[in-house]
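**Q** Have a look at this one.
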Amino acid sequence: MKPKNLKKLYAQSKDLQASVLNAHTVAVTSLTNPAANHIVTVAYAKDGTIHARCTCPWAIYGGVACTHVLAALEALAQKRGKRLSFWRSREDAQRQKRRLFCIKDHETQADGVWVTSRRSA
Ligand SMILES: [Zn+2]
């Protein structure tokens, strides 16, 4: 299940506070309940696949790339002096001529959201 409106999702993710706990774990504030955190765990495969899990309901019911996952990935990238862009299709992502990553569904391994990274200015 891919997010329908990636731009809107990305805009929302920018309002979330992400605290990087370690290289694979990020705590992200919840939009619906500001008192709560969602925990995002991220694993990177050598082929550029990103497996991300989140404790929010949308992710638990099979959603790929919720706002928390986007916020978490961006926070992890920031630590390495990188900025990310998110794309719905491989073609759009490839046009950027940057390093390419893909957030995949854990269960089906279907392509979810494409990610490119660049050095932050
Ligand atoms: Zn989530």
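**Q** Compare the Cα positions of Ser19, Thr32, Thr108 along the charge dipole of the chain (+1 at Cβ of Lys, Arg; -1 at Cβ of Asp, Glu; about the Cα centre) and return the one farthest towards the positive end.
**A** My answer, from the dipole projection, is Ser19.
**Q** Straight distance only, please: which lysines reach the Cα of Lys82 with their own Cα at less than 25 Å, same-chain residues fewer than 8 apart left out?
**A** By straight Cα distance, Lys82 reaches Lys2, Lys7, Lys8, Lys14, Lys46, Lys97, Lys104.
Read-outs throughout are calculated quantities, based only on the coordinates presented, and are distinct from any laboratory measurement. In this text the structure is predicted, and so the values were computed from the model without any measurement. Positions of Cβ are backbone-derived with ideal geometry, glycine not excepted, and every protein chain shown enters the neighbour counts.
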